[in-house]
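Some notes on the structure that comes next.
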Amino acid sequence: MSQLEADPDRDAGLIAAVSAGDETALAELYDRHASALLGVALRVLRNRSDAEDLVHDVFVEAWQRAADYDPGRGSVRSWLLVRVRSRGVDRLRSLEAARRHGMLPAPEAPAPEPSVAPLWDGPDHARARSALDELPEAQRTLVELAYFEGMTCSEMATHCGIPIGTVKSRLSAAMARLRKTIGADGRALS
């Protein structure tokens, strides 16, 4: 296994070291996960510079809040990916509000689809793709809109033409199925 492949035990040790102030551990976490975080940030923000800034900010936050990591809620990689997605959606909304109020110029043209490394490297990517492919189409569509397009439940309801309650119940069912398929620690269950 290469140094950068999924290794939840190694990541847990690194985040513990980061919480104790180990800068080298933070650098290794960055090397292991920055490309996946950048992929998510690019999908949400559609601007490389903004995405790179966001990844930097998430690692600063990880440095400051490493002690908040709870292994019972998922892997370190998932913890970082959730943070980048959440902060990315927040940043996107802030940028859109600033543009609406004339505080920022409108973007010149839609950014082309980013060409970066896959969201996950190696076995993580295949496992995630396989788990997503096993979802019913209606659930998979909502998961992709939420996590890769940064849409809120109300935006998804409008986009798909379904009630918001249906969006929430389908997402809940999808996430439960993904947790069962992949497992809370990010490892596929047999």
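Things to note:
- Linear extension gain, residue 82 paired with residue 152, 0.36 nm per residue minus alpha-carbon span: 23.8 nm
- Mean Cβ count within 10 Å, highest first, over the residues of peptides 61-74, 78-91, 17-30: 78-91, 17-30, 61-74
- Förster radius 35 Å - calculated FRET efficiency between residue 162 and residue 65 (Cβ-Cβ, nearest 0.05): 0.45
- More than 21 angstrom apart: percent of Cα pairs within the range 1-66: 26
Here, each number is a calculation from the coordinates, and none is a lab measurement. What you see is a predicted model; the values in this text were computed from it and never measured. Cβ: placed from backbone, ideal geometry, glycine included. Neighbour counts: every protein chain shown.
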